1. Write out, first by first residue and then by second, each pair whose Cβ atoms fall under 8 Å of each other, whose residues are 6+ apart or on separate chains, and whose first residue, in the range 79-90, is under 18 Å from L183 (Cα atoms) while the second is part of a loop (DSSP other than H, G, I, E, B) and charged (D, E, K, R).
2. Check off (1) surrounded by 12 or more Cβ atoms within 10 Å (Cβ to Cβ); (2) assigned to a loop (DSSP other than H, G, I, E, B); (3) of a type outside the set (K, R); (4) more than 16 Å from ligand 1 (Cβ to nearest atom) for Q88 and give me the number that stays unchecked.
3. Limited to the range 24-69, what total is found for residues that are assigned to a strand (DSSP E or B), without any contact (Cβ under 8 Å) to a residue 60 or more places away in the chain and under 28 Å from V180 (Cβ atoms)?
4. Counting only residues that are within 19 Å of the chain's Cα centre (by Cα) and among the β-branched types (V, I, T), which one in the range 2-37 is farthest from ligand 2 (Cβ to nearest atom)?
5. Please go through the range 93-141 and give me each residue that is exposed (fewer than 13 other Cβ atoms within 10 Å of the Cβ), aromatic (F, W, Y) and more than 20 Å from R80 (Cβ to Cβ), ordered by number.
6. Would you check if there is a residue in the range 99-113 being in a helix (DSSP H, G or I), in contact with a Leu (Cβ under 7 Å, 6 or more places away or on another chain) and either within 25 Å of E33 (Cβ to Cβ) or of a type in the set (K, R) (or both)?
7. Do you know which of the residues in the range 38-51 that are more than 10 Å from ligand 2 (Cβ to nearest atom) and either of a type in the set (S, T, N, Q) or surrounded by 20 or more Cβ atoms within 10 Å (Cβ to Cβ) (or both) is farthest from P16 (Cα to Cα)?
Amino acid sequence: MTRAVIELTDIEFAFPDRDICLSGLNFRLNEREKVGLFGPNGAGKTTMLHILMGLLAPQRGHVRLFGETMVNGRAFDESRLRIGFLFQNADDQLFCPTVLDDVAFGPLNQGLSRDKARQRATEALATVGLAGFEHHVPYRLSGGEKKLVALATILSMQPEVLVLDEPTTGLSPESRERLVSILTGLPMARLVVSHEPDFLAATTDTLIALRGGRIVPGRLTPHAHVHVHEEGDIPHQH
Ligand SMILES: Nc1ncnc2c1ncn2[C@@H]1O[C@H](COP(=O)(O)OP(=O)(O)O)[C@@H](O)[C@H]1O
Ligand SMILES: [Mg+2]
């Protein structure tokens, strides 16, 4: 039988004194399933991810992770060690004095020795193309570099599931390509939020959308764009 790793059932959520943000929201991610989520700005995508990570408590509904209903903070603490969650804003992810400390933090929390955690961190930094950044100060990095360090903090945990909130924001075209190749090379189940249809098509298998406070099937319609650029009259390919 296919096992669910993430299940959200009949979730309702409103921020204090605000209109309802999520209502009647249902979502299930199975083992090995790769799902892309899109939706307009302000639709509640980040809020949904924060609920499934236990960072916000819904007014109604249930969160189940790895088959267990999340009844309290401790249950979420344990599940979070198995989920690689990338915050939309990398500044929310990085809080240590050095890049190495930030990237080794997850493995240390999982109970690995200092040496093993350091080794995992070094490997993860090399994977995202930041070998040698170990002693840099996170808050002085560029936006794109921070995003890659944030990604390394997740990869170093070797998580069972990836939950990524707008992972391409601020990345250079080269870093974006590296991210695509990292993600296509990883087998684990994932939920990826992005505004970029091409990125979702490359890194996930199924598309869903968040509209009107709930999850609906995603539909992308391929269509051609007319475009112009310098030297466009010279025969070329895109
Ligand atoms: N801390 C907060 N307090 C009050 N309203 C918030 C807060 N965070 C987000 N919102 C509002 O909740 C709605 C959903 O936001 P969000 O989940 O960030 O959307 P998305 O990620 O889809 O762009 C928006 O209307 C946003 O303004
Ligand atoms: Mg968001």
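The values are calculated or read from the model by the stated rules, or taken from the named source; none is laboratory data. The shown structure was predicted, so the numbers you read here are calculated from the model rather than taken from an experiment. Using ideal geometry, Cβ is built from the backbone for each residue, glycine included, and neighbour counts are taken over all protein chains shown.
1. Short answer, once both residue conditions are applied: R82/E160; I83/E160; Q88/E166.
2. Here Q88 clears every test but (4).
3. Selection size over the range 24-69: 1.
4. For the range 2-37, the residue satisfying everything is V5.
5. Correct list: Y139 only.
6. Within the range 99-113, not a single residue is in a helix (DSSP H, G or I), in contact with a Leu (Cβ under 7 Å, 6 or more places away or on another chain) and either within 25 Å of E33 (Cβ to Cβ) or of a type in the set (K, R) (or both).
7. F38
A quick yes/no check of all residues on (1) farther than 17 Å from V149 by Cβ; (2) assigned by TED's automatic domain parsing to the domain that holds G24; (3) away from ligand 2 (no atom under 16 Å from the Cβ):
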{"position": "M53", "(1), (2), (3)": "yes, yes, no"}
{"position": "H62", "(1), (2), (3)": "yes, yes, yes"}
{"position": "D77", "(1), (2), (3)": "yes, yes, yes"}
{"position": "R114", "(1), (2), (3)": "yes, no, yes"}
